[in-house]
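A.B. asks: One structure follows; several queries about it will come next.
The values are calculated or read from the model by the stated rules, or taken from the named source; none is laboratory data. Treat the numbers as computed from the prediction; the structure is a model and nothing was measured. No Cβ is skipped: glycine too gets one built from the backbone with ideal geometry, and neighbour counts run over all protein chains shown. Note: areas computed on protein heavy atoms with side chains; ligands, DNA, RNA excluded. Shrake-Rupley method; radii C 1.70, N 1.55, O 1.52, S 1.80 Å.
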Amino acid sequence: MNTVTSADGTKIAFERTGDGPPVILVGGAFNDRSTVAGLANALVPELSGIGFDRRGRGDSGDGAEYAIEREVEDIAALIEQVGGRASLFGHSSGAILALEATQRGLPVDKLAVYEPPFIVGGRERPGDDLTARLRACAEEDRREDAVMLFLTEGVGVPREQVEGMKASPMWGWFTGLAHTLYYDTTLCGPGNVLPEWLKTIEVPTLAIGGGTTDEWMRLSAKAVADAIPDGRYVVLEGHDHGVLAHPDALKPLLVEFFA
């Protein structure tokens, strides 16, 4: 593990795997650098994967107030650390962060995103006050409430299914990162509306949807590709939103695109 100092002085923990062209791996909700480590390993030797703990997670620090700008600065610091230019891969809300970083002018060569959670059809939008309610849960340390609210309203998982998750070993992982969930919904924006600024992204972009994932996520990936001038949409057959657990399935697409 290494650390880099972001613009506001926050230490960001990261690990680099391989010596090829650098690809920074941006995880979404409930993710830290350990959940992208498998993908970093899979990209070797053609590419070098950089996994990092987004602020507030793992071994990274955090600022007093959350803002998307701080997370973009974290990625900027990582890009500078690995040579001044890099490509980005983002998963879920991490895909939105990667899109934000790119459209704000960071030195990004190519961008790949897997199912950024905008809503263009296929499900109801969450309430515009979702981020405020998740933040209140974080400030009051109501971790289980935050996870339940995020999964049911933010993601659209049936409540009874979430109740069943409480007996799973993963529930402790979820609650351990619950204080950062409003960071992810801040990235999504009120109602998860597809942003107009996507059309200003000028780098080649690959948007990926899983063949067995929920329809609304595939629709989002395609809409992102359609909105970006140099965007391309592909379907990864046989996989869903949990693709990070199957990094070898992603490798051919990413190696062909990035390398």
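A.B. asks: With contacts defined as alpha carbon pairs under 8 Å and 6 or more residues apart, what's the relative contact order of region 68-158 in percent?
C.D. replies: So the answer I get is 21 percent.
A.B. asks: Let's test the formula: R0 of 35 Å, r as the Cβ-Cβ distance of V155 and T200. What FRET efficiency results, to the nearest 0.05?
C.D. replies: Efficiency, from the Cβ-Cβ distance: 0.80.
A.B. asks: Would you please state the base-10 log of I(q)/I(0) at q = 0.19 1/Å for region 94-216, with intensities from the Debye formula using one equal scatterer on every alpha carbon?
C.D. replies: Debye intensities relative to I(0), on a log10 scale: -1.12.
A.B. asks: Report, in deg cm²/dmol and to the nearest 500, the calculated mean residue ellipticity at 222 nm for the chain, where each DSSP H run with n ≥ 4 adds -39500 (n - 2.57) and the sum is divided by the residue count.
C.D. replies: Here the helix-only value at 222 nm equals -10500 deg cm²/dmol.
A.B. asks: Further question on the same structure: Can you tell me how much longer the chain between D19 and A64 gets when fully stretched, taken as 0.36 nm per residue apart minus their C-alpha distance, in nm with one decimal?
C.D. replies: Fully extending the segment from D19 to A64 adds 12.7 nm.
A.B. asks: With each label point set 7 Å from Cα along the Cα-Cβ vector, what nm distance links R125 and A167?
C.D. replies: Label-label distance for R125 and A167, simple model: 3.8 nm.
A.B. asks: Compute a Gaussian network model of the chain, connecting alpha carbons closer than 10 Å, and tell me which residue from A95, A112, A146 fluctuates the most.
C.D. replies: Comparing A95, A112, A146 in the GNM, the peak value goes to A146.
A.B. asks: Based only on Cα atoms, what mean projected area does the convex hull of region 10-142 have, in nm²?
C.D. replies: Average projection, Cα convex hull of region 10-142: 8.9 nm².
A.B. asks: Counting only protein heavy atoms and a 1.4 Å probe, tell me what percentage of the chain's accessible area is made up of carbon and sulfur.
C.D. replies: 49 percent
A.B. asks: Still on this model: How big is region 145-259 along each principal axis, measuring the range of its Cα positions in Å and listing the largest first?
C.D. replies: Result, largest extent first: 43, 33, 23 Å.
A.B. asks: Tally Lys/Arg at +1 and Asp/Glu at -1 over every other residue whose Cβ is under 10 Å from the Cβ of L97; what's the total?
C.D. replies: -3
A.B. asks: Do you know the relative contact order of the chain, to the nearest whole percent, from alpha carbon pairs under 8 angstrom that are 6+ apart?
C.D. replies: Relative contact order comes out at 20 percent.
A.B. asks: Let me ask you something else. With every protein chain kept in the model, how would you rank E73, E140, E256 by accessible area, 1.4 Å probe, largest at the top?
C.D. replies: E256, E140, E73
A.B. asks: Assuming R0 = 41 Å, what is the FRET efficiency of N2 and D141, from their Cβ-Cβ distance, to the nearest 0.05?
C.D. replies: 0.85
A.B. asks: Rolling a 1.4 angstrom probe over the protein heavy atoms, how many square angstrom per residue are accessible across the chain?
C.D. replies: 41 Å²
A.B. asks: When all protein chains stay in place, what accessible area (Å², nearest 10, 1.4 Å probe) is found for H241?
C.D. replies: For H241, the solvent-accessible surface is approximately 50 Å².
A.B. asks: Gaussian network model of the chain, Cα springs within a sub-10 Å range: biggest mean-square fluctuation belongs to which of M170, M217, M148?
C.D. replies: The residue that fluctuates most here is M170.
A.B. asks: At a threshold of 8 angstrom on Cα-Cα distance, excluding pairs fewer than six apart, so keeping six or more, what relative contact order does region 23-109 reach in percent?
C.D. replies: In percent, rounded to a whole number, it is 38.
A.B. asks: Another question, then. Roughly how many whole Å is it from the C-alpha centroid of region 35-98 to that of region 108-143?
C.D. replies: 18 Å
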